Amino acid sequence: MKATEVLDDLRRRFPNEPEYLQAVEEVLTTIEDTYNEHPEFEKYNLIERLCIPDRIYSFRVSWVDDKGNVRNNMGYRIQHSNAIGPYKGGIRFHSSVNQSILKFLAFEQTFKNSLTTLAMGGAKGGSDFSPRGKSDMEVMRFCQAFIQELWRYIGADTDVPAGDIGVGGREVGYMYGMYKKMARENTGTFTGKGLEFGGSLIRPEATGYGNVYFLLNMLATKGIDIKDKRVAISGSGNVATYTAEKLLQLGAKVVSLSDSDGTVIIPDGITQEQLNFVFELKNIYRGRIKEFAEEYNLPYYPGERPWTKVQCDIALPSATQNELNGEEARALLAGGCFAVSEGANMPSTPEAIKEFLAAKILYAPGKAANAGGVSVSGLEMAQNSQKLSWSAAEVDEKLKSIMAEIHRQCTLFGKEADGYVNYVKGANVAGFMKVARAMMAQGIL
Ligand code: NDP
């Protein structure tokens with residue numbers, strides 16, 4: 001089948017999975033020319049096999065809350081492709097989680113992991129359980145119940161989960177603890193673990209730092225210095241806060257943060273003291289960004305996103321999918337924004353992406369720009385296999401060189417006739433070709 005026919009067929013078969021279809025459409029429309037240059041791919045029906053996950057586990061997770069009530073959530077693991085290495089991808093705990101969202105994330109993860117230069121396939125998992133407002137003990141009991149179902153299907157050389165929205169060091173620790181107990185082995189299997197039990201230095205920082213490194217690579221192509229640039233960030237979780245930390249180190253001005261309740265604007269740029277407050281608020285007290293706004297008397301917009309609320313040179317969406325729409329993209333461009341680099345997965349809607357590409361600004365899709373997280377996860381796996389741990393400086397250097405290599409691949413496959421680099425096309429084609437060649441070599445499975 002031709003790429004467009006596959007897309008039509010998927011639309012017919014999975015009509016209730018809009019996020020999955022959105023992610024597939026974005027990739028298929030950009031790789032079509034490359035795909036058509038390889039008639040052997042069509043003979044092996046490669047596109048269809050690459051779009052449909054290898055398998056999906058879905059299960060009920062029953063647990064008991066602090067009041068003694070029995071609660072039920074859905075749990076999932078999507079093993080999308082292991083063509084180039086063990087399945088690898090995070091676990092998301094959020095009330096919005098469903099099969100469509102996890103299928104889009106696992107599909108994207110496959111191309112992202114291909115770009116990292118490391119041997120990792122693509123997967124994603126999660127639950128519609130929300131850790132928000134739950135006690136530590138409730139979170140622990142839920143994580144344990146989740147793993148009691150999942151542990152059989154994961155392993156250090158088969159499928160290696162990590163964190164994502166709602167899953168940080170605390171949740172990974174609880175899940176890994178139960179995994180070890182059930183599987184009776186201690187070989188890693190999760191990444192994002194605590195430093196005391198096999199975690200890697202720089203893993204918590206990796207996605208945010210990596211996005212900034214990718215941005216620096218893009219800015220360098222135009223000879224632009226990041227210093228004093230006004231940067232709008234959405235979210236205030238793992239990715240957003242470490243992005244802000246690196247930007248502060250580089251002398252840029254972080255002018256916004258947000259959470260699902262609203263946006264705070266920091267007109268003169270966040271200070272180190274303010275950022276420390278946010279780290280504590282989010283990681284220790286598990287509070288809301290509104291409390292940060294109140295503490296420092298900063299403008300706060302309930303229910304709003306940053307993009308129309310503040311002028312910026314650079315936008316780094318770092319919260320969730322479809323959080324930046326066409327209208328907001330136009331507002332960013334009108335305000336002089338010249339670079340967008342995605343910390344989150346698929347944060348820009350198709351209409352927003354069209355605006356960025358038409359304006360020919362520097363625009364990096366998440367699968368390239370936020371690949372630093374899974375890259376350092378791959379480095380954590382390497383350290384676990386060797387029973388060694390590397391220094392922070394060593395991991396950070398490797399992260400920088402991986403992000404530079406991803407940038408090089410995007411440029412190689414994404415440069416257009418007029419010299420503009422279409423990073424969407426570059427990332428999709430580079431990621432696709434490696435997986436496609438591996439699939440061709442291994443036969444029909
Ligand atoms: P966290 O849970 O640490 O933080 C998520 C942040 O986004 C929070 O501020 C959260 O607000 C906000 N958010 C979540 N859902 C929504 C929503 N529906 N609307 C508005 N705001 C929302 O997650 P991460 O920082 O780890 O992940 C952020 C993004 O980065 C995700 O797209 C994730 O897939 C992607 N990513 C993460 C990687 C990692 O290593 N962690 C690696 C690569 C990509 P609230 O607290 O109110 O929910």
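Keeping every protein chain present and rolling a 1.4 Å probe, give me the accessible area per residue for segment 206-369 in Å². Provide the component values of the computation, followed by the final result.
Values: 6080 Å² over 164 residues.
Result: 37 Å² of accessible area for each residue.
So, with a 1.4 angstrom probe, what is the percent of accessible area on segment 55-186 that is carbon and sulfur? Display every interim value, and only then the final one.
Numbers: 2190 of 4840 Å².
Of the solvent-accessible surface of segment 55-186, carbon and sulfur hold 45 percent.
Would you mind computing, in nm to one decimal, how far apart the modelled labels at residue 37 and residue 261 are, each placed 7 Å from Cα along Cα→Cβ?
With each label point 7 Å from Cα toward Cβ, the separation is 5.2 nm.
Give the long-range amide H neighbours of residue 254: residues separated by 5 or more places, or on another chain, with amide H under 5 Å away, using H modelled in the peptide plane at 1.01 Å from N.
Under 5 Å from the amide H of residue 254: 231, 270.
Please work out how much length the chain gains when fully extended from residue 276 to residue 386, using 0.36 nm per residue of separation minus the C-alpha to C-alpha distance, in nm with one decimal.
Details: separation 110, 0.36 × 110 = 39.60 nm, distance 3.44 nm.
So the chain would gain 36.2 nm between residue 276 and residue 386.
Could you grab the relative contact order for segment 206-369? Cα pairs under 8 Å, six or more apart, rounded to a whole percent. Each step should come with its number before you reach the end.
Working: 349 pairs, mean separation 37.3, N = 164.
Value for segment 206-369: 23 percent.
Taking a threshold of 32 Å on the Cα-Cα distance, which of the pairs 2/400; 88/309; 354/400 fall above it? Walk me through the numbers on the way to the answer.
Details: 2/400 37 Å; 88/309 37 Å; 354/400 29 Å.
As for pairs spanning more than 32 Å Cα to Cα, those are 2/400; 88/309.
What list of ³J(HN,Hα) values in whole Hz, one per residue of segment 11-23 in order, does the Karplus curve 6.51 cos²θ - 1.76 cosθ + 1.60 (θ = phi - 60°) give from phi, with Gly and Pro shown as x?
4, 5, 7, 10, x, 9, 10, x, 5, 4, 5, 4, 5
Just need the relative contact order of the chain here, percent rounded to a whole number, with Cα pairs under 8 Å and 6+ apart. Present the calculation step by step, with values, prior to reporting the outcome.
On the way: 923 pairs, mean separation 68.7, N = 445.
Relative contact order of the chain: 15 percent.
Segment 63-109 to segment 240-295: how many Å between their Cα centroids?
Computed from Cα coordinates, the inter-centre distance equals 28 Å.
Roughly how far apart, in whole Å, are the Cα centres of segment 370-435 and segment 1-39?
If you average the Cα positions of each part, the centres end up 24 Å apart.
Given the options 296, 258, 284, identify the residue whose Cα lies farthest towards the positive end of the charge dipole of segment 240-317 (+1 on Cβ of Lys, Arg; -1 on Cβ of Asp, Glu).
Projecting each Cα onto the dipole axis, the largest value belongs to 258.
Give the carbon-plus-sulfur fraction of the accessible surface of segment 294-445 in %, rounded to a whole number; probe 1.4 Å, heavy atoms of protein chains only. Numbers along the way, then the final one.
Values: 3240 of 6050 Å².
In segment 294-445, the share of accessible area belonging to carbon and sulfur is 54 percent.
Which Cα, out of 324, 69, 338, lies furthest along the positive dipole direction of the chain (beta carbon charges, K/R +1, D/E -1)?
With unit charges placed on the Cβ atoms, the residue in question is 69.
Sort 84-96, 223-235 by the packing proxy (mean of other Cβ within 10 Å over each peptide's residues), most packed first.
Details: 84-96: 23.4, 223-235: 19.8.
Highest to lowest by the protection proxy: 84-96, 223-235.
Less than 14 Å from a label point 7 Å out along the Cα-to-Cβ axis of residue 416: which backbone N atoms in segment 337-374 qualify, by residue?
Backbone N within reach: 353-364.
At a probe size of 1.4 Å, how large is the accessible area of residue 190, to the nearest 10 Å²?
0 Å²
Please compute P(r) over all alpha-carbon pairs of the chain, binned at 20 Å starting from zero, and give each bin as a whole-number percent.
27, 60, 13, 0
What list of ³J(HN,Hα) couplings, whole Hz, do you get for segment 125-141 from phi and the Karplus terms 6.51, -1.76, 1.60, once you set θ to phi - 60° and write x for glycine and proline?
Couplings: x, x, 7, 7, 6, 10, x, 4, x, 8, 6, 4, 5, 5, 4, 4, 5 Hz.
Could you state the per residue volume, in Å³, of the convex hull enclosing the Cα atoms of segment 316-445? If you can, show how the numbers build up before the last one.
Values: hull volume 19.7 nm³, N = 130.
In segment 316-445, the Cα hull volume divided by residue count equals 151 Å³.
Residue 2 to residue 58: FRET efficiency via 1/(1 + (r/R0)^6), r the Cβ-Cβ distance, R0 25 Å, to the nearest 0.05?
Numbers: r = 31 Å, r/R0 = 1.24.
Working from the Cβ atoms, E equals 0.20.
By the gyration tensor of its Cα atoms, with a ≥ b ≥ c the square roots of the eigenvalues, what is the shape of segment 55-186: rounded for a/c under 1.5, prolate for a/b over b/c, or oblate? Don't skip to the answer; put the middle values down first.
Values: a/c = 2.06, a/b = 1.59, b/c = 1.30.
Prolate, because a/c is 1.5 or more and a/b exceeds b/c.
Using the Karplus curve 6.51 cos²θ - 1.76 cosθ + 1.60 with θ = phi - 60°, what ³J(HN,Hα) values do you get for each residue of segment 202-216, in whole Hz, with x for Gly and Pro?
Once rounded to whole Hz, the list reads 6, 5, x, 7, 4, 5, x, 4, x, 5, 5, 4, 5, 4, 4.
Taking the Cα centre of the chain as origin, sum charge times position over the Cβ atoms of Lys and Arg (+1) and Asp and Glu (-1), and report the length of that vector in debye to the nearest 20.
On the way: 50 positive and 54 negative charges, 181 e Å.
So the dipole magnitude of the chain works out to roughly 860 debye.
If the only charges are +1 at each Lys and Arg Cβ and -1 at each Asp and Glu Cβ, what is the size of the charge dipole of segment 206-369 around the Cα centre, to the nearest 20 debye? Display every interim value, and only then the final one.
On the way: 16 positive and 19 negative charges, 93 e Å.
Here segment 206-369 has a charge dipole of around 440 debye.
How big is the dipole moment of segment 3-50 about its Cα centre under a simple scheme where the beta carbon of each Lys and Arg is +1, that of each Asp and Glu is -1, and everything else is neutral? Debye, nearest 20, please.
Working: 5 positive and 13 negative charges, 49 e Å.
It works out to roughly 240 debye.
Can you give the local net charge around residue 174? Use residues other than it whose beta-carbon is closer than 13 angstrom to its beta-carbon, Lys and Arg +1, Asp and Glu -1. If you can, show how the numbers build up before the last one.
Values: positive: 134, 141, 170, 180, 181, 193; negative: 136, 138, 171.
Net charge around residue 174: +3.
Trypsin sites (Lys or Arg not before Pro), restricted to segment 1-69: which are DSSP loop and have at most 15 other Cβ atoms within 10 Å? Could the numbers behind the result be given before it?
Details: sites: 2, 11, 12, 13, 43, 49, 55, 60, 67; in loops: 2, 67.
Loop-located and lightly packed - 2, 67.
Can you pull the percent of Cα pairs in segment 206-369 with separation above 28 Å?
Working: 1549 of 13366 pairs.
Every Cα pair in segment 206-369 considered, those over 28 Å come to 12 percent.
List the residues whose amide H sits under 5 Å from the amide H of residue 92, counting only those 5 or more places along or on another chain, with H placed 1.01 Å from N in the peptide plane.
Answer set, sorted by chain and number: 125, 126, 127.
What accessible area per residue comes out for segment 55-186, rounded to a whole number of Å², with a 1.4 Å probe?
Numbers: 4840 Å² over 132 residues.
Roughly 37 Å² per residue, with all protein chains present.
The values are calculated or read from the model by the stated rules, or taken from the named source; none is laboratory data. Keep in mind that this is a model prediction, so the values were computed, not measured. Virtual Cβ from ideal backbone geometry, glycine too; neighbours counted across all protein chains shown. Note: accessible area is taken over every heavy atom of the protein model, side chains too, but ligands, DNA and RNA are not part of it. Shrake-Rupley method; radii C 1.70, N 1.55, O 1.52, S 1.80 Å.
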